[in-house]
Amino acid sequence: MNIYFLLFDDYETLDLMGPVEFLFRIPNVQLHYISMKGGLIKSRQGFFIQTASISDLPERSVLVVPGGQGTRELVKDELFLAWLNQLVKSAQYCLAICTGSALLAATLQLTHKLATSNKLAFEWVRQVNSDVRWKTVARWVRDDKFYTSSGISAGMDMTLGFIRDHYGEALARKIANQTEYVWNDDPEKDEFAPLYGY
């Protein structure tokens with residue numbers, strides 16, 4: 001399986017690197033790092049990564065979309081959204097972390113689907129597309145081929161949930177144990193929602 005991580009300037013580093021660490025440990029997968037124009041992309045925390053530019057995904061691919069401050073302008077960028085829309089359509093599964101769900105929402109691909117996002121940015125994300133069935137209390141949400149997570153570290157829980165769904169509980173547990181990660185394996189268990197009034 002090919003997994004494509006979509007990057008843009010000012011993405012959130014942990015949104016990317018947590019899922020990368022877990023997905024890398026699935027046998028026989030290939031990881032790819034892409035952006036609209038290719039080249040070096042800088043995270044919010046100053047981490048650079050080299051990316052390739054592609055216009056379509058091969059069959060049975062997974063698209064992973066992190067969040068971060070860079071999403072604020074991209075939800076209004078018609079060229080970027082047209083490119084993203086094509087990638088989303090061709091992906092077998094789409095995983096969005098944090099405000100990455102705002103980017104998916106802006107393509108209208110999440111319209112009438114269940115999704116979640118970062119609590120601190122929830123009202124802004126909701127305004128991007130009010131026709132998404134936004135779920136405020138959730139660690140992560142799955143609807144059809146879309147997985148969306150709450151804030152930053154929730155993407156790691158969601159990624160293990162994706163691995164469990166498609167590769168089995170045993171592999172998800174093995175990866176959590178190998179990385180000494182305490183996995184919240186219940187997408188409905190959202191301890192942070194009450195902190196933000198949800």
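Of the listed requirements (1) over 18 Å from C94 (Cα atoms); (2) polar (S, T, N, Q); (3) within 14 Å of the chain's Cα centre (by Cα), T179 misses just one: (3). With respect to S35, determine if the residue is open to solvent by less than 50 Å² (accessible area, probe 1.4 Å), within 15 Å of the chain's Cα centre (by Cα), small (G, A, S) and more than 18 Å from T148 (Cβ to Cβ). Yes: the conditions hold for S35.
Is it the case that I49 is open to solvent by less than 10 Å² (accessible area, probe 1.4 Å) and either within 30 Å of R173 (Cβ to Cβ) or assigned to a loop (DSSP other than H, G, I, E, B) (or both)? No. Take the residues of the range 52-73 that are charged (D, E, K, R) and under 18 Å from I41 (Cα atoms): which is least open to solvent (accessible area, probe 1.4 Å)? For the range 52-73, the residue satisfying everything is R72.
Residues of the range 143-156 that are of a type in the set (V, I, T) and open to solvent by 20 Å² or more (accessible area, probe 1.4 Å): I152 alone.
Note on the range 2-17: residues that are closer than 16 Å to C94 by Cα and either touching a helix residue (DSSP H, G or I) at 6+ places or on another chain (Cβ under 9 Å) or surrounded by 18 or more Cβ atoms within 10 Å (Cβ to Cβ) (or both) total 7.
Are any of the residues in the range 126-137 touching a residue at least 24 places away in the same chain (Cβ under 8 Å), open to solvent by 10 Å² or more (accessible area, probe 1.4 Å) and farther than 19 Å from L74 by Cα? Looking for residues that are touching a residue at least 24 places away in the same chain (Cβ under 8 Å), open to solvent by 10 Å² or more (accessible area, probe 1.4 Å) and farther than 19 Å from L74 by Cα, one finds at least one in the range 126-137, hence yes.
The single residue among C98, C94 that is out of contact with any Phe, Trp or Tyr (no Cβ under 8 Å at 6 or more places or on another chain), closer than 22 Å to E21 by Cα and not in a helix (DSSP H, G or I) turns out to be C98.
Scan the range 58-70 for residues that are over 19 Å from W140 (Cα atoms) and modelled with pLDDT of 95 or more and the total you get is 3. Scanning the range 27-47 finds no residues that are under 15 Å from T159 (Cα atoms) and touching a residue at least 40 places away in the same chain (Cβ under 8 Å).
Criterion applied to K76, K89 was being over 23 Å from R173 (Cα atoms), modelled with pLDDT of 95 or more, assigned to a loop (DSSP other than H, G, I, E, B) and open to solvent by 20 Å² or more (accessible area, probe 1.4 Å), and the one residue passing it is K76. The set of residues in the range 114-134 being touching a Leu at 6+ places or on another chain (Cβ under 9 Å) and not acidic (D, E) consists of A115, K119, V128, N129, V132, R133, W134. Here H112 clears all of (1) in a helix (DSSP H, G or I); (2) open to solvent by 50 Å² or more (accessible area, probe 1.4 Å); (3) under 29 Å from W83 (Cβ atoms) except the condition numbered (1). Checking each residue in the range 157-198 for being at pLDDT 95 or above, open to solvent by less than 30 Å² (accessible area, probe 1.4 Å) and assigned to a helix (DSSP H, G or I) picks out D157, M158, T159, L160, G161, F162, I163, A172, I175, A176. Has the range 53-62 got any residue that is of a type in the set (A, V, I, L, M, F, W, C) and under 18 Å from F146 (Cα atoms)? Checked the range 53-62: at least one residue is of a type in the set (A, V, I, L, M, F, W, C) and under 18 Å from F146 (Cα atoms).
The values are calculated or read from the model by the stated rules, or taken from the named source; none is laboratory data. Because the structure is a prediction, the values reported are computed rather than measured. Positions of Cβ are generated from backbone atoms using ideal geometry, with glycine treated the same way; all protein chains shown enter the neighbour counts. Ligands, DNA and RNA are excluded from the accessible area calculation, which covers all protein heavy atoms including side chains. Shrake-Rupley method; radii C 1.70, N 1.55, O 1.52, S 1.80 Å.
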